[in-house]
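**Q** First, the structure itself, so that you have it in front of you.
The values are calculated or read from the model by the stated rules, or taken from the named source; none is laboratory data. None of these values were measured; they are calculated from a predicted model. Quick reminder, even Gly has a Cβ in these numbers, built from the backbone with ideal geometry, and neighbours come from all protein chains shown. Please note that ligands, DNA and RNA were not included when accessible areas were found on the heavy atoms of the full protein model with its side chains. Shrake-Rupley method; radii C 1.70, N 1.55, O 1.52, S 1.80 Å.
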Amino acid sequence: MVDSTDLAQVLHQAHDIAQSVAQKPTTAHVLLALFTVENRAQFLLKEKGVDEDCLLERMTSQPLEQDGLIREACMRAREIAQSSGARETDCMHLLVAFTRMRCAANELMVKAGLHLINLGNTALAYCLSGSMPRRLQPGRNSMPVDMPRPSRPLGPPPSPPPASALALSPRPTPVPASSRAPSRPALSPRDLIDEVNEDALNAPKPTAEPPLPAHKERVDHASPNEQESKPKEEPQPSFEHPPLPPAGQVGNDKYRLGRAEKPRSVEHVDVLVVTSVKDEYDAVLKIDTGALSEEWVVHEGPTGLDVAFRNFQAAGGRQLRVAVTRALEMGSVAAVNAAVPLVHAYTPLCIAMPGVCAGRRGEVEQGDVIIASRLWSYDTGKITVEINNSDQRIERIEGELLTYQIPAAWQQKAESFSPPSGSHWLAERPRTYATQMDWMLERILEGVDPSRHPERKTKCPNYTKILELLWAKEWLQQKTLELTAEGSAHIKLQQLRHPDGLPEPPPFRVHVGSIGTGSRVMRDPGIFDRLAERERKLLGLEMEASAIGAMAHLHRVRYTLVMKGVMDFADSEKDDHFKPFAARASAECLLAFLRANLPHRKH
């Protein structure tokens, strides 16, 4: 993983700034240096109301921190970039790392009034989505790419900043006005640095405040001693991750991560279920199988949105504590923003996502459930447009295929998993439109009025919709029950293929395969064939799952499970006919699998 040009420039500027005032470089210097080079993190911080002047005003003394934290932050940023599928590590990845570390930059951002959980979630969401709002894109800011800065020494030092601003270190005795050079307009962070009293470098470290009691927020880093002894390992993207460090106090500073100061009682859940739309959320709340309590209990979550809780019977007589939430809209950014605060609040053993997807025609049927053996983003990378011999435009995506895979033991169990055959929700599966159309065409071919047939309500429950589809396909004469030549040819071919009678829809099945995540709802008959060139076992497409896999990996949640119900085939016949059942089937299968297979939490 390579560093971007802006990140390399920021790191160089940070060391230059520290050297100019004879200080040891710290992450606080790196945070300041973000405002000397145009980058995504700078734009996000400014949108949050924080700029270099705001940071300088809160630097009451020389920044001090443990050795090696700049290197540690860069390593974490590279891990975040790799896990989010980026081609290079940039300043936004570094900003996410700062929000998760105990370092001088983290402390300075807290002093500046930033809500670090919200800042980290927003930055991470932009990293995972691979895009920024137009207002935050480079080139839409009036600041030049590289701010001018003076070299040192260059005549007398600049005039001291106003009393409200604080320099990087204790300020020396002011120079008389008669010998002072004229002040410069539009000062950069480097220009605000005065000469340093070298004795200040030996000043004793400020006394830390007494520790707060342990509380609910989780801090994603180790203690200083652990950081020195812990070996550095390259991350291996997987659905199974090492457990998070325990929540609570780290060191002697107040690290509330932007939350209220009052500690809250810790509430752990075994499974956090994330849904993307209300229909999927409601489908989870309909599940009663294995429930140990009469109903779901809804509480206000840490972000002010509803979170539903319920206990279920698990294997071995254990209880499974489940929390369910939903994003405010579809898409990776919304899903990650909904999930991350709850990961910090409830420390789940597993993050799970049910919902609906488009399925690959010929490999799955509408209403079937796909258990994701791997998750990947299919629309990130370089797009190459080709024009074939028929003057058709063909887009090909070239990029790194970063996947998040199900644990091997779970994949084996998934391949043999199926819900109990007597499950009452299976009876809610609707008949496909294709089956109903063939039934109606066959009745018309036999000279029977399908509207008066005794089996119409069971064989063709969507009678009016089927008529409209047959007229649209021109298999029936408009506004009549007379077959066209195309309609007659179609139904005769079906009878030829099935001499024992037209087949009933195949029974419900659970499949195991790859699920791809994109940023758009697809209605493209050729999308699966094109993507299969990169991912041979691709079975489904949707809009959130790979971001949830990446987020779980970055937050070290031990297990991730995604199951999606097939509602359509992403082609011209795409509709919502199967959406309610697909959402319900994925939710039922997901909880049934977790009740049987999720290991017991080890405290």
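**Q** For the stretch 462-502, what does the equivalent ellipsoid look like in terms of its semi-axes, each the square root of 5 times an eigenvalue of the Cα gyration tensor, given largest first in whole Å? Kindly include the intermediate steps, with their values, before the conclusion.
**A** Values: eigenvalues 84, 30, 10 Å².
Ellipsoid semi-axes (Å, largest first): 21, 12, 7.
**Q** Also, I was wondering about something else. State, as an integer percentage, the relative contact order of the stretch 407-522 based on alpha-carbon contacts under 8 Å between residues 6 or more apart. Kindly include the intermediate steps, with their values, before the conclusion.
**A** Values: 71 pairs, mean separation 32.7, N = 116.
Rounded, it is 28 percent for the stretch 407-522.
**Q** If you don't mind, there's one more thing I want to ask. List the relative contact order of the stretch 521-602 as a percent without decimals, with contacts defined as Cα pairs under 8 Å and 6+ residues apart. Could you put the intermediate results ahead of the total?
**A** On the way: 52 pairs, mean separation 23.9, N = 82.
This gives 29 percent for the stretch 521-602.
**Q** If R₀ is 25 angstrom, what is the calculated FRET efficiency for the pair SER488 and LYS574, using the beta carbon separation as r and rounding to 0.05? Don't skip to the answer; put the middle values down first.
**A** Values: r = 27 Å, r/R0 = 1.07.
With R0 = 25 Å, the Cβ-Cβ based efficiency is 0.40.
**Q** Something else: Fully extended, how many nm does the chain gain between GLU468 and ILE387 (0.36 nm per residue separation, minus their Cα-Cα distance)? Walk me through the intermediate numbers first.
**A** Details: separation 81, 0.36 × 81 = 29.16 nm, distance 3.55 nm.
Gain in length upon complete extension: 25.6 nm.
**Q** Next question. Using a cut-off of 15 Å between beta-carbons, work out the net charge of the residues near LEU493 (Lys and Arg +1, Asp and Glu -1, LEU493 not included). Kindly include the intermediate steps, with their values, before the conclusion.
**A** Details: positive: LYS473, LYS492, ARG497; negative: ASP438, GLU442, GLU486.
Local net charge: 0.
**Q** Considering only LEU561, VAL512, LEU531, whose Cα is most displaced toward the positive end of the charge dipole of the stretch 509-603, charges sitting on Cβ of Lys, Arg (+1) and Asp, Glu (-1)?
**A** Most positive-ward Cα: LEU561.
**Q** Compute from the Cα atoms of the stretch 358-486 the Rg and the Dmax, the latter being the longest Cα-Cα distance, and quote both in angstrom.
**A** That works out to 22.0, 58 Å for Rg and Dmax.
**Q** Now, a different point. Say R0 is 45 Å: what FRET efficiency, to the nearest 0.05, do ALA409 and LYS479 get from their beta-carbon distance? Please list the in-between numbers first.
**A** Working: r = 59 Å, r/R0 = 1.30.
After rounding, the FRET efficiency stands at 0.15.
**Q** Something else: How many nm is it between the label spots at HIS299 and GLU533, if each spot is 7 Å from the Cα in line with the beta carbon?
**A** 5.1 nm
**Q** How far is it, in nm, from the label point at ASP51 to the one at GLN313 when both lie 7 Å from their Cα along the line to the Cβ?
**A** Distance between the two pseudo-spin positions: 6.4 nm.
**Q** When the accessible area of the stretch 307-422 is computed with all protein chains present and a 1.4 Å probe, what percentage of it is carbon and sulfur? Numbers along the way, then the final one.
**A** Details: 2120 of 4980 Å².
That share works out to 43 percent.
**Q** Quick one: accessible area per residue over the stretch 64-127, 1.4 Å probe, rounded to a whole number of Å²? Please report the intermediate quantities before stating the final value.
**A** Working: 1880 Å² over 64 residues.
I get 29 Å² per residue for the stretch 64-127.
**Q** Taking the stretch 393-483, how many lysine pairs are there with alpha carbons less than 26 Å apart, if each pair must be eight or more places apart or span two chains? Could you put the intermediate results ahead of the total?
**A** Details: LYS457/LYS465; LYS457/LYS473; LYS457/LYS479; LYS459/LYS473; LYS459/LYS479; LYS465/LYS473; LYS465/LYS479.
Qualifying lysine pairs in the stretch 393-483: 7.
**Q** What distance in nm lies between label points placed 7 Å from Cα along the C-beta direction at HIS424 and HIS15?
**A** With each label placed 7 Å out from Cα toward Cβ, I get 6.8 nm.
**Q** Under 1.5 on a/c is rounded, so check that first for the stretch 499-603, then, if it is not, pick prolate when a/b is larger than b/c and oblate when it is not; a ≥ b ≥ c are the square roots of the alpha carbon gyration tensor eigenvalues.
**A** Values: a/c = 2.23, a/b = 1.39, b/c = 1.60.
Because a/c hits 1.5 or more and a/b fails to exceed b/c, the stretch 499-603 counts as oblate.
**Q** Carbon-plus-sulfur fraction of the accessible area of the stretch 447-576, 1.4 Å probe, in percent? Please report the intermediate quantities before stating the final value.
**A** On the way: 3230 of 6610 Å².
About 49 percent, which is the carbon plus sulfur part of the accessible surface.
**Q** Further question: Applying 1/(1 + (r/R0)^6) with R0 = 60 Å to the Cβ-Cβ distance of ASP67 and ARG509, what FRET efficiency is obtained, to the nearest 0.05?
**A** Working: r = 57 Å, r/R0 = 0.95.
FRET efficiency, ASP67 to ARG509: 0.55.
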